[in-house]
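Undergrad: Structure in structure tokens, see below.
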Amino acid sequence: MQIIGKDDDQEGTINSKIRYKVLRQEPAGSGNMFTIDENTGKLYTKDDSLDRETIDSYTLIVQGTDMNGAPGGLTGTGTVNIKVLDINDNVPTLEKEQYAGSVDENTADVIVMRIKAEDKDLEKTDNWLAKFDIVKGNENGLFSIETDPATNEGILKLIKPVDFEEVQKMELGLLIENVAPFVKGNAMEMDVDVYAGEGPGAGVKPGPDGKPKPKPAGGKSYPISIAVNNLPEGPAFKPSTKPVPVSEDPKEMPKDGIIATYTATDIDTGKPAEDVRYAKSYDPDNWVTIDEETAEIKLTKVPDRESKFLVNGTYFAKILCMTQDMPSKTATGTIAIQVKDTNDNCPTLTTTHESVCSDQRTVYATALDVDPSPNGAPLNFTVVTKKTSGHWVTEHFNDTTAVLRSTEMLWPGVYEVMLVVADQQGLSCPEPELFTVEVCICAEGEDCSSKSNRMLQKTLSYELGTPAIGTLILASCLLLLVPMLLLFCQCRGDAGGGAFSGQFTKMPFDTKENLISYHTEGKGDDKEVPLLSAPTLVNLGTQTSRKTTNTPATDQWYCQ
């Protein structure tokens, strides 16, 4: 640092020229650790032997003398506080030379032990905080280790269960270092021996180059023994999933119905479990039963490979094994019933109706066979000509679809095509299936489906609502009243002597029938007929006569 002295005498004269020196160092330690340039006041470390772990701060008394330090010069002193900062120059070590612990078999997520790391660097800093890494003997991922930042302890955990009958001894290698990189020293590797009876140890975890990691220079081994306690265990199914092949052909079913025996094993002895009972825990379509004592599995129905309860041709059911002691121990196993396919399904049409415009001659027929290969697709389509209207042939389109092609022009109407669909093995349904083809006349730019939709919309637009139906009923009632009114209305000719005798006038035109023959096909042109071009109205005072239809040549009168 820079020490600056001040003298009120005239600047630039000998009276204000200051010379510096260190009077005293506290604590004294092993000697003077600092030196000062007597002319400039710059303070330096004397050598590189400062050690924070020994002395972490110093106090210096610095003296300045004017007249450049000449005898008789005036003096002044100042105090300098120096704090020594920490660097990571100490490797962590373990608290003990040996460790021992134990865990129960078949347990997981338990703390095996806490390993205390010691470090002389400044506490609660990255120079002090230890970082543990298991670099040997943990290839199966049985253990994990993490650091408690408050105590700087490595917490060794067993995260997967250990079976006493399979694992007798494990050796772990721990690499311990600080979070901050080392300024001096290397990481330290420690051997951790995990004992579980007798047996071989594990290997060394390979390094990035595939070779075992070398132990850093200065490393020290710390053997740690962990005993695995052998506990009484319940039964278990081995294997946990038992495949059982069966056929869906009823002829191949076993006479007694027994397809398998699935007993649990006593883990401690390796023999079939005793004093246990068996039951079903999952059987989605109720296919099986199990003998509660012998674990014999029987089928209760003929297997169906096309059942919706199968997954990739396999039916799964779960079996429970329960001990008779209290509390009871249970084990679960799975029966995988692999159903072998037989050709027990004939292919059927997925749709039996198609529409086509009269200027086209082809439609598509598609069928489905739920049996897998080789008992399913590709399918073969054949037309039964004797029961088919029209002349049709089939052409291959893909494994499940055929092209139906008419060999002659199609007229509007409905054609019935009888089809036989067979699978790879030649199996077809007992009776041919009816496939109907509706042929219609299509306008330009539309097809049968769009035409049908348009007609359907038009039909729907003519549907009557409740108010319209009420109006129709009212109109029908009024029509029924017309004959009753006619009974009271005596409308006869002028000579009839009726109530309106003498009040009608004869029609002023000839009422002969008129029929015109056009001798043309299709829509004709409108022709004007003189007698029909417009009704003739005759003023009868309060009555009006209208000639509305052609009638024989006789006098006819109408009352309006």
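The values are calculated or read from the model by the stated rules, or taken from the named source; none is laboratory data. Owing to the predicted nature of the structure, the values given are computational and were not obtained by experimental measurement. We place every Cβ from the backbone using ideal geometry, glycine too, and count neighbours over all the protein chains shown. Accessible surface is based on the protein model in full, side chains and every heavy atom, while ligands, DNA and RNA are left aside. Shrake-Rupley method; radii C 1.70, N 1.55, O 1.52, S 1.80 Å.
Undergrad: Give the aspartates and glutamates whose C-alpha is closer than 16 Å to that of Lys96, dropping any in the same chain fewer than 8 places away, or say none.
TA: Glu118, Asp119, Glu153, Glu189, Asp191, Asp193
Undergrad: Moving on to the next point. What does the charge add up to near Glu38, with Lys and Arg as +1, Asp and Glu as -1, over the other residues with Cβ less than 14 Å from its Cβ?
TA: Summing Lys/Arg as +1 and Asp/Glu as -1 gives +2.
Undergrad: Say the cut-off is 27 Å between C-alpha atoms; which of Lys238/Lys340; Lys251/Lys387; Lys238/Lys298 go over it?
TA: Flagged as over cut-off: Lys251/Lys387.
Undergrad: Another question, if that's okay. Taking H as built 1.01 Å from N, whose amide H comes closer than 5 Å to the amide H of Ser247, not counting residues under 5 places away?
TA: It is Lys340, by chain and number.
Undergrad: Also, I was wondering about something else. Which residues' amide hydrogens lie under 5 Å from the amide hydrogen of Leu410, considering only partners 5 or more residues apart or on another chain, with H built in the peptide plane?
TA: none
Undergrad: Would you kindly derive the ³J(HN,Hα) couplings of region 392-398 from the backbone phi angles with the Karplus curve 6.51 cos²θ - 1.76 cosθ + 1.60 (θ = phi - 60°), listing them in order in whole Hz, with x for Gly and Pro?
TA: 10, 10, 10, 10, 6, 10, 8
Undergrad: Kindly report, to the nearest 10 Å², the accessible surface of Tyr20 as traced by a 1.4 Å probe over protein heavy atoms only.
TA: Ignoring ligands and nucleic acids, Tyr20 comes out at about 20 Å².
Undergrad: Using each residue's phi in region 378-390, evaluate 6.51 cos²θ - 1.76 cosθ + 1.60 at θ = phi - 60° and report the 3J(HN,Hα) Karplus result to the nearest Hz, with x for Gly and Pro.
TA: Values, residue by residue: x, 9, 10, 10, 9, 8, 8, 5, 5, 10, 10, 8, x Hz.
Undergrad: Rank these by accessible area, largest first, 1.4 Å probe: His391, His396, His353.
TA: His396, His391, His353
Undergrad: Between Asn229 and Asp56, how many nm apart are label points set 7 Å from Cα along the C-beta direction?
TA: 4.2
Undergrad: Now for a separate question. Could you list which residues have their amide H under 5 Å from that of Val103, counting only those 5 or more apart in sequence or on another chain, with H placed in the peptide plane?
TA: Amide H neighbours of Val103, under 5 Å, 5+ apart: Ala227, Val228, Asn229.
Undergrad: If you count only protein heavy atoms and use a 1.4 Å probe, how large is the accessible surface of Met418, to the nearest 10 Å²?
TA: Ignoring ligands and nucleic acids, Met418 comes out at about 30 Å².
Undergrad: Right, something else. I'd like the Karplus ³J(HN,Hα) series for region 425-438: coefficients 6.51, -1.76, 1.60, θ = phi - 60°, whole numbers in Hz, and an x wherever there's a Gly or Pro.
TA: Per-residue couplings from phi come out as 8, x, 7, 9, 5, x, 10, x, 9, 8, 10, 9, 10, 9 Hz.
Undergrad: Roughly how many Å² of Phe309 are accessible to a 1.4 Å probe, to the nearest 10?
TA: Answer for Phe309: close to 70 Å² accessible.
Undergrad: Taking the alpha-carbon distance from Lys318 and a cut-off under 17 Å, which aspartates and glutamates remain once sequence neighbours fewer than 8 residues away in the same chain are dropped?
TA: Candidates past the 8-residue exclusion: Asp283, Asp285, Asp291, Glu292, Glu293, Glu296.
Undergrad: Ok, one more. Output the peptides 240-251, 52-63 sorted from most to least packed, where packing is the average of other Cβ atoms within 10 Å over each peptide's residues.
TA: The most tightly packed comes first, giving 52-63, 240-251.
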